[in-house]
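Since the structure comes first, as structure tokens, the remarks are kept for the end.
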Ligand code: URA
């Protein structure tokens, strides 16, 4: 199946309650065969309105981090979320909502076949890397799972709340740049 076809199917999804409050399904955005994929938590208000991931304040910071290491959603990265519909009042997506949604993400992985997955924030890191993942302790560390390198980093919203973590987060993105070089990935 092509990514566009999957998106069309996903846009009609009613597998969990989050569908009742959405304006748009936020399927994902970026290069369709990107070697690097970023996975956030779930759409916020701006994302729900525009149908695109990370387009609010957090997204602007994320785009800055990406630009600092010559990456962007326009050229070489694909961005998606653990859940495709906005949780009410921006609460964390519930485990059962993630269970209902993760099939879409797995299909995205199968089609895009990224070499590196960056989990942006605790929610995706705990779901995709390790259920006990602690961002403060394990950020920036690459682990291999099913032939894919995975790394978790600070969520930009957490950095906006606590700018002291910005430098630590920046180091993670530099580590990503080094890993891309080490693996000889052309971006
Ligand atoms: N936060 C996320 O985790 N994802 C988005 O798409 C926007 C904000």
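One table, with the values for the structure above:
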item	result
Matching entry among 66, 71, 62 (being closer than 21 Å to residue 178 by Cβ, surrounded by 15 or more Cβ atoms within 10 Å (Cβ to Cβ) and within 13 Å of the ligand (Cβ to nearest atom))	62
Subset of the range 124-164 (residues that are under 19 Å from residue 34 (Cα atoms) and either assigned to a helix (DSSP H, G or I) or in contact (Cβ under 8 Å) with a residue 40 or more places away in the chain (or both))	124, 128
Number of the exception - residue 132 against (1) exposed (fewer than 15 other Cβ atoms within 10 Å of the Cβ); (2) within 21 Å of residue 94 (Cα to Cα); (3) within 16 Å of the ligand (Cβ to nearest atom)	(3)
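Values in this text are rule-based calculations from the coordinates and carry no lab data. As the structure is a computational prediction, the values presented were derived from the model and not from experiment. A quick note on method: Cβ atoms are made from the backbone with ideal geometry, for glycine too, and the neighbour counts reach across all protein chains shown.
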